[in-house]
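A short write-up of the structure that comes next.
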Amino acid sequence: QVQLAESGGALVQPGGSLSLSCKASGINFRMNPMGWYRQVPGKQRDLVATITTTGFTYYPDSVKGRFTISRDNAKNTVYLQMNSLKPEDTAVYYCNAIPAFGFWGQGTQVTVSS
């Protein structure tokens with residue numbers, strides 16, 4: 001059974017930082033490219049960070065230079081370090097494989113507001 005457990009979301013002021021974690025179980029973690037996605041109500045879920053099985057990373061322009069994805073295959077965990085947060089980063093953040101499994105975790109809420 002695939003399980004994805006995100007954590008670390010919080011309310012933070014603009015310009016602040018947060019670190020998210022996602023522990024995966026029920027999958028061959030090291031064999032899957034992983035990503036962080038985010039979604040705001042009424043909009044589609046967007047991919048904001050990618051890490052391949054060999055550690056190559058990719059970010060869209062909206063977060064490039066501010067977000068850093070990493071993975072620890074020994075712990076089946078993927079991380080997202082978010083710096084210089086902006087109000088437009090407010091969303092529920094999810095992790096999943098790339099392409100995504102049909103199952104999603106509960107996500108973790110990130111709110112950027114003063």
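The values are calculated or read from the model by the stated rules, or taken from the named source; none is laboratory data. Note that this is a predicted model, so its numbers are computed, not measured. Here Cβ is always computed from backbone atoms with ideal geometry, including for glycine, and neighbour counts include all displayed protein chains. Heads up: the accessible areas ignore ligands, DNA and RNA and are worked out on the full protein's heavy atoms, side chains in. Shrake-Rupley method; radii C 1.70, N 1.55, O 1.52, S 1.80 Å.
Taking the listed residues Val63, Val112, the one that is closer than 15 Å to Gly8 by Cβ and modelled with pLDDT of 95 or more is Val112, with no other qualifying.
Out of Ser17, Ser21, report the one residue that is under 15 Å from the mean Cα position of the chain (by Cα), surrounded by fewer than 13 Cβ atoms within 10 Å (Cβ to Cβ), on the phi < 0 side of the Ramachandran plot and not acidic (Asp, Glu). Answer to the selection: Ser17. In summary, Pro41 fulfils each of the numbered conditions (1) open to solvent by 70 Å² or more (accessible area, probe 1.4 Å); (2) under 15 Å from Val110 (Cβ atoms); (3) outside any loop (DSSP other than H, G, I, E, B) with the single exception of condition (3).
When Pro99, Pro87, Pro60 are checked against the criterion of being in contact (Cβ under 8 Å) with a residue 60 or more places away in the chain, out of contact with any Phe, Trp or Tyr (no Cβ under 7 Å at 6 or more places or on another chain), surrounded by fewer than 21 Cβ atoms within 10 Å (Cβ to Cβ) and not hydroxyl-bearing (Ser, Thr, Tyr), Pro87 stands alone in meeting it. In this entry, Gly55 is excluded by the filter for residues that are on the phi > 0 side of the Ramachandran plot, open to solvent by 50 Å² or more (accessible area, probe 1.4 Å) and not polar (S, T, N, Q).
For the range 86-114, filtering for residues that are farther than 23 Å from Thr54 by Cα and assigned to a loop (DSSP other than H, G, I, E, B) leaves 10.
Contact map, the range 1-18: first residue over 19 Å from Thr77 (Cα atoms) and outside any strand (DSSP E or B), second residue open to solvent by 30 Å² or more (accessible area, probe 1.4 Å) and among the small types (Gly, Ala, Ser), Cβ cut-off under 9 Å, separation 6 or more or different chains; pairs are Gln13/Ser113; Gln13/Ser114; Pro14/Ser84; Pro14/Ser113; Pro14/Ser114; Gly15/Ser84; Gly16/Ser84; Ser17/Ser84.
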